[in-house]
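Since the structure comes first, as structure tokens, the remarks are kept for the end.
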Amino acid sequence: MRVEDLKHKLRHFKKLENQIRFRNSQQPQRKKYIWDKYFSTNDENSTKVKYNMNCLCKMKPEEFKAVIDEYFYEVYYEYYKEIGYPDSGLYNLELLERLGLPVDSSLEAIKSRYRELAKKYHPDTGGDSVKFIELVEIYKKLTGDR
């Protein structure tokens with residue numbers, strides 16, 4: 001994909017985030033765009049964003065689509081948190097990443113990954129107790145209301 005075409009698409013995604021989260025109003029000072037964490041159209045080699053322009057240009061179409069899906073998943077997750085929706089059916093993306101799971105993971109996938117990591121980190125089997133406690137806390141946060 002050409003750099004200019006990619007920049008145009010990314011700017012469009014930021015406008016969509018604005019429409020979703022801020023309803024085209026002025027962005028409140030306390031809220032930051034999720035877009036700013038993911039993308040930058042200024043610096044092609046930026047290390048301050050999750051996906052810089054060079055990285056995105058080298059992606060295959062299906063990889064790019066997965067990035068955009070991940071981005072919009074987080075946009076909607078943040079939107080539902082902001083409006084106080086108690087159970088959006090979405091999982092915390094950062095917690096899923098810490099478990100090594102994709103954004104579209106099911107509850108069963110979360111449970112399965114938890115069991116797998118619990119065997120690895122459980123102190124009774126020679127694992128790291130700090131990592132085990134962290135794993136249990138992540139699991140509780142992800143499944144607490146379900």
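Tell me the relative contact order for region 93-143 as a rounded percent, counting alpha carbon contacts under 8 Å between residues six or more apart.
Worked out over region 93-143, it gives 29 percent.
With +1 on each Lys and Arg Cβ and -1 on each Asp and Glu Cβ, how big is the dipole of the chain about its Cα centre, in debye rounded to the nearest 20?
320
Along the three principal axes, how long is the chain when you take its alpha carbons, biggest first, rounded to the nearest angstrom?
Answer, in whole Å and largest first: 55, 36, 25 Å.
Take every Cα-Cα pair in region 1-81 and report what % of them are more than 14 Å apart.
Counting every Cα pair in region 1-81, those more than 14 Å apart make up 63 percent.
Please label the shape of region 93-143 as rounded, prolate or oblate, based on the square roots a ≥ b ≥ c of the eigenvalues of the alpha-carbon gyration tensor (a/c under 1.5 means rounded; beyond that, a/b larger than b/c means prolate, else oblate).
It is prolate, given that a/c is not under 1.5 and a/b is the larger ratio.
Could you tell me which residue out of Phe64, Val75, Gly144 lies farthest along the dipole of the chain toward its positive end? Charges go on the beta carbon: Lys and Arg +1, Asp and Glu -1, centred on the Cα centre.
Val75
How much FRET efficiency would the formula 1/(1 + (r/R0)^6) give for His8 and Glu137, where r is the Cβ-Cβ distance and R0 is 35 Å, rounded to 0.05?
Given R0 = 35 Å and the Cβ-Cβ separation, E is 0.25.
Excluding residues fewer than 8 places away in the same chain, name every one of the lysines whose C-alpha is closer than 28 Å to that of Lys32.
Candidates past the 8-residue exclusion: Lys7, Lys9, Lys14, Lys15, Lys48, Lys50, Lys58, Lys65, Lys81, Lys140, Lys141.
Order these by the 10 Å Cβ neighbour count, fewest first: Thr41, Thr125, Thr143.
The order, fewest Cβ neighbours first, is Thr125, Thr143, Thr41.
Assuming 0.36 nm per residue, please report the length gained on full extension of the stretch Glu44 to Lys65 beyond their Cα-Cα distance.
5.6 nm
Here, each number is a calculation from the coordinates, and none is a lab measurement. Predicted model, so just to flag it, every value in this text is computed and none were measured. Here Cβ is always computed from backbone atoms with ideal geometry, including for glycine, and neighbour counts include all displayed protein chains.
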